[in-house]
Amino acid sequence: MQLVKVFSIAISLLMSATGLKAETPTVEELANSITAFLCEDDKGVASIPLIFTRSEDKWILNGSSTASVTMNEKGFMLNFPSPNQGIGIINPNQNGSWKYEYLGEAGSWEMVCSIRNDFTRILIDIIRPQIIESATAFSLLEYQEMITANNIIKSLRIDLDKSFSEIERLASELSEARAENYNNTEVANIIINKMGLCWNPPVGVENGVTKNMILGLKFDIDGSLVESPVNLTPESGVGSLQAFEAARRAVIRCSPFNELDPNMYQAWKEITIKFNPKNLGR
């Protein structure tokens, strides 16, 4: 019965290694990953299997998730935590057998052990082809399912991309249509009315300018200025330049013009406004 347990662990290790490694492990590699002992008391009444498996550089005692295993030059040392805290040592005897000594809260005892790696190697050699065949078939099935799932996902992405492209096209057309209907005078009035709140020209500037001022403005979509306002007024007298400077400062102080509809951004991102300085701030 105890050898059946060794057999089961050999199968599990082989299937795990076959499924995880890109190349099928050899019998030697698998056999070196299992060390199995069959231990009996001095009366031959009680027997226990001690089966160690290696995962990467770490040895594990099968059936115990808490025991810490250390391999030394001679054998294995086991550290068992509470509630059954104790230490176990497996070392070879001079006659070729092995001895398992335990000392802990549950008591102390000694057992004579025989190593069964030869049996493990034979089992692995026999069952390896069947296990590899089954694991390969399972891997192919998984691969086919993965390919099918990937194709479905790819198809959905293509459909989504088409839908998003169509939505973007319709949104762009709608934005352009709304921008065409957006009254340029309405935009200018919004800007000029807000400028009036920040208008603070030098004394006498309004009376010194007889013509309308023309400003060139460039906005970001949030209503902030992309660059400083440009003076497009044909008149270039001292009064006109002073009025422009006052207007430029007013636009900068009142920025951002978040009263402008961002949905109509194409209609006002670059705009020219005309105003009379005498009417600002009133």
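Just so you know, all these numbers are worked out from the coordinates, no wet-lab data involved. If you're wondering where the values come from, they're calculated on a predicted model, not measured in any experiment. Positions of Cβ are generated from backbone atoms using ideal geometry, with glycine treated the same way; all protein chains shown enter the neighbour counts.
Odds and ends about this structure:
- A Stokes-Einstein calculation at 25 °C with viscosity 0.890 mPa s, built on the Kirkwood radius of segment 184-279 over Cα pairs, returns a diffusion coefficient of 184 µm²/s.
- In this structure, the residue pairs whose Cα-Cα separation is over 20 Å, taken from 43/99; 194/278; 162/269; 43/74; 211/269, are 162/269; 43/74; 211/269.
- Descending Cα extents along the principal axes, segment 241-282, whole Å: 34, 20, 18
- Averaged over residues, the count of other Cβ atoms within 10 Å places the peptides 259-267, 187-195 in the sequence 187-195, 259-267, highest first.
- Distance between the 7 Å Cα→Cβ label points at residue 91 and residue 77: 1.1 nm.
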